[in-house]
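Structure first, commentary second.
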Amino acid sequence: MGLSLTNKILQSHLIKGNLMPGEEIAVKIDRTLTQDATGTMAYLQFEAIGIPKVKTDLSVSYIDHNTLQTGFENADDHKFLQTVAAKYGILYSKAGNGICHQVNLERFGVPGKTLLGSDSHTPTAGGVAMIAIGAGGLDVAVAMGGGSFYMPAPKVIFVSLSGKLPEWVSAKDIILELLRRLTVKGGVGKVFEYGGEGIRNLTVPERAVITNMGAELGATTSIFPSDERTLEFLKAEGRADDYAPLSADANAAYDEVIDINLSTLEPMVAKPHMPDNVVKVKDLKDTKVDQVAIGSCTNSSYADLMTVAAVLKGKKVHPDVSLVISPGSKQVYEMIAKNGALAELISSGARILEATCGPCIGMGQSPKSGAVSLRTFNRNFEGRSGTKDAGIYLVSPQTAAASALTGTITDPRTLGKAPEIKMPEKFHIDDSMILSPSTDPDGVSVYRGPNIKPLPVKEKLPETISGKVLLKVGDNITTDHIMPAGSKILPLRSNIPAISKYVFESVDPAFSERALKEKGGFIVGGENYGQGSSREHAALAPMYLGVKAVIAKSFARIHFANLINFGILPLIFDNPADYDKIAQGDVLEASVILKELNEKKPLTFINKTKNEEYKIKYNLTDRQIKIIKEGGLLNETKNYA
């Protein structure tokens, strides 16, 4: 049998292991990206490794998350990132140049390359045939230092697209349909590889919408082949030389095949509070809408905003609706300004925001209490918008624009004929806000503001671990639950003692104080613990608070890796029924944990409160066990160096 496109690229970058699903592999990383919410910590970790210059082909530091500057912290971090980039050989994309995934697609997406990013939506670049994977900042720091990226070899799922999208139905509706079928756990340990005759009519920006939200499936990544539509996009970006045709072998073998007939799809919507809570838009007809937000790394491309402008042209936003729009990049912003579309948006009553992530990560534009907010974003977790009791619905730009006009959730097919958006043969290109590294790195002094605190260091794993169950939670706990985002908390990303005060704030506001009082302990979780973003602070801050292990029914991929990176044991119930036996406050002890790990035996935990014994599994490789024993990846890397 032939190779899938996924395995072709992985095979060409394989350093260790075999491409057998579940087996740990190490791959060479060609390129990295960071953003300012994760980048400060990633570069502090890179500095700690002690390498004078990045060893990747290309690394880019983007400023796109923490651009709401209500204090000195964000501006200080931006200056730190700019000077670090200048010193260590990294490109620096200034605030205002755009969202990392949109700019990366436009200016740096190259078919066949590997990309590791400290952001869970890094797979956006799969729209231009890259193997692009989200990871914690420490994994990215190691990759910048020339280290391999380790992960379980994924299953490869072929998504066969047939037919053609009807009018008013978009790429967003394709991925929402897949989420409806598979749920937020359906992609764990998998890569989704798209093909079939239906992809011929999907542009690279449309493909990127789909690969972007593969993250919501829990997928390792998603990818489209590199074909004539890829060449068309790269030519428009003035980068035709970066093109290479790439596709699976005709007789490629896949672990599973999913068929989607695009002709049968309708406008879809994800209801609160999960991206897989998907129904047809028409099923929510006449639901009153308070806010509409258009943008994010999912739906902020030139074509998306031109579609919205065409729908709104000559009309006014409903008086009861607040409409905000965030272009994905400076390139998109300038193009819609020059062709008049921006004027149409402003005339309609839309409020135009920066070319940043903005409301998607709770950085401004929180809706009113109890609001219904339609967003073209990728996540609708409870409280992520900044308003805990708001209902966030995920929709396409077409549905968002139609609903902004009517004031209710509206199927855009009721508006008549859909606008036809013609893509330009050449995009506006101006890379002046992407700064090159210094030609005199030794002369660059790294700026460190007072909010940047030293990295916390974890001790080696002792022979015995014990403590109270500090918190017991249910299924699908997200990294937003563990370490919230938003304008109040994000500026503290480089100050672990300060940010740790907000761990699990939305679940149990007393958690941080309790963890410090008890000198650490354990967390017990259900299925898919740690789904959502790549934010390593969801492991780093609990490590600072003394969390020794998380015992859950199952884990999301990136968070599982982040826990290991910071020396926290990610453990799995051998008998899921034991989850029900443990209560918050119970005292647990594993008295010979080092011995059992060394002998590769299940761990024995004693519940000293209830006098019960549990057998606990761990899906850890020898390499991961070594990292845990050393107290984390940074310790292990420094020892190796």
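Within the stretch 10-43, track down each residue that is touching a Ser or Thr at 6+ places or on another chain (Cβ under 7 Å) and part of a helix (DSSP H, G or I).
38, 39, 40, 41, 42
Among residues belonging to the stretch 494-529 that are touching a Gly at 6+ places or on another chain (Cβ under 9 Å) and crowded, with 22+ Cβ neighbours inside 10 Å, point out the one that is nearest to residue 187 (Cα to Cα).
The residue in question is 528.
Identify, please: which residue in the stretch 202-241 is among the hydroxyl-bearing types (Ser, Thr, Tyr) and closer than 14 Å to residue 425 by Cα and is, among those, surrounded by the most Cβ atoms within 10 Å (Cβ to Cβ)?
Pass one, the stretch 202-241, residues among the hydroxyl-bearing types (Ser, Thr, Tyr): 203, 211, 220-222, 226, 230.
Next cut, closer than 14 Å to residue 425 by Cα only: 203, 230.
Working: 203: 19, 230: 24.
Only one residue fits best here, namely 230.
Taking the stretch 362-387 on its own, how many of its residues are of a type in the set (A, V, I, L, M, F, W, C), assigned to a loop (DSSP other than H, G, I, E, B) and at pLDDT 90 or above?
Keep residues of the stretch 362-387 that are of a type in the set (A, V, I, L, M, F, W, C), which gives 363, 371-372, 374, 377, 381.
If we keep only those that are assigned to a loop (DSSP other than H, G, I, E, B) as well, we get 363, 371, 377, 381.
After this cut, where a residue has to be at pLDDT 90 or above as well, the list is 371, 377.
Final tally of qualifying residues: 2.
Mind listing just one residue for me: the one in the stretch 414-444 that is without any contact (Cβ under 8 Å) to a residue 12 or more places away in the chain and assigned to a loop (DSSP other than H, G, I, E, B) and, of those, farthest from the chain's Cα centre (by Cα)? Don't jump to the end; show me each part of the working.
Residues of the stretch 414-444 that are without any contact (Cβ under 8 Å) to a residue 12 or more places away in the chain, as a first pass: 416, 420, 422, 432, 439-440, 442-443.
Narrowing further to those that are assigned to a loop (DSSP other than H, G, I, E, B): 416, 420, 422, 432, 439-440.
Working: 416: 36, 420: 31, 422: 30, 432: 27, 439: 33, 440: 34 Å.
Applying the filter and picking the extreme gives 416.
Could you list, in sequence order, all residues of the stretch 130-158 that are over 28 Å from residue 39 (Cα atoms) and more than 21 Å from the chain's Cα centre (by Cα)? Working first, answer last.
Taking the stretch 130-158 and keeping what is over 28 Å from residue 39 (Cα atoms), we get 155-158.
Correct list: 158 only.
For the list (1) free of Cβ contacts under 8 Å to residues at least 12 places away in the same chain; (2) in contact with a Ser or Thr (Cβ under 9 Å, 6 or more places away or on another chain), I need the number of the one condition that residue 257 fails.
Failing condition for residue 257: (1).
Give me the pairs, please: first residue somewhere in the stretch 191-207 and farther than 12 Å from residue 262 by Cα, second residue anywhere and hydroxyl-bearing (Ser, Thr, Tyr) and part of a loop (DSSP other than H, G, I, E, B), beta-carbon distance under 8 Å, and either six or more positions apart or on two chains.
The qualifying pairs are 191/220; 193/4; 193/254; 195/247; 205/301; 206/170.
Going through 594, 603 one at a time, which residue ends up being assigned by TED's automatic domain parsing to the domain that holds residue 559 and under 22 Å from residue 555 (Cα atoms)? Please lay out each step first, then the result.
Working: 594 fails: under 22 Å from residue 555 (Cα atoms).
Checking each option against the conditions leaves just 603.
Give the number of residues within the stretch 111-165 that are hydroxyl-bearing (Ser, Thr, Tyr) and buried (at least 22 other Cβ atoms within 10 Å of the Cβ).
Pass one, the stretch 111-165, residues hydroxyl-bearing (Ser, Thr, Tyr): 114, 118, 120, 122, 124, 148, 150, 160, 162.
From what is left, the residues that are buried (at least 22 other Cβ atoms within 10 Å of the Cβ) are 114, 118, 120, 122, 124, 150.
Total satisfying the criteria: 6.
Sort out for me the helices (runs of 4 or more DSSP H) sitting completely within the stretch 68-185 that have 2 or more residues that are among the charged types (D, E, K, R). Steps first, answer last, please.
Working: elements: 72-88, 100-103, 137-144, 171-182.
Ranges flagged: 72-88, 171-182.
Could you check the stretch 348-361 and list, in sequence order, the residues that are part of a loop (DSSP other than H, G, I, E, B) and either free of Cβ contacts under 8 Å to residues at least 60 places away in the same chain or surrounded by 24 or more Cβ atoms within 10 Å (Cβ to Cβ) (or both)?
So the first thing to find is which residues in the stretch 348-361 are part of a loop (DSSP other than H, G, I, E, B), and the list is 349-350, 353-357.
349, 350, 353, 355, 356, 357 - these are the residues of the stretch 348-361 that are part of a loop (DSSP other than H, G, I, E, B) and either free of Cβ contacts under 8 Å to residues at least 60 places away in the same chain or surrounded by 24 or more Cβ atoms within 10 Å (Cβ to Cβ) (or both).
The values are calculated or read from the model by the stated rules, or taken from the named source; none is laboratory data. Note that the coordinates shown come from a computational prediction; the quantities given were computed from them, not determined experimentally. As a convention, Cβ positions derive from the backbone with ideal geometry for all residues, glycine included, and neighbour counts pool all protein chains shown.
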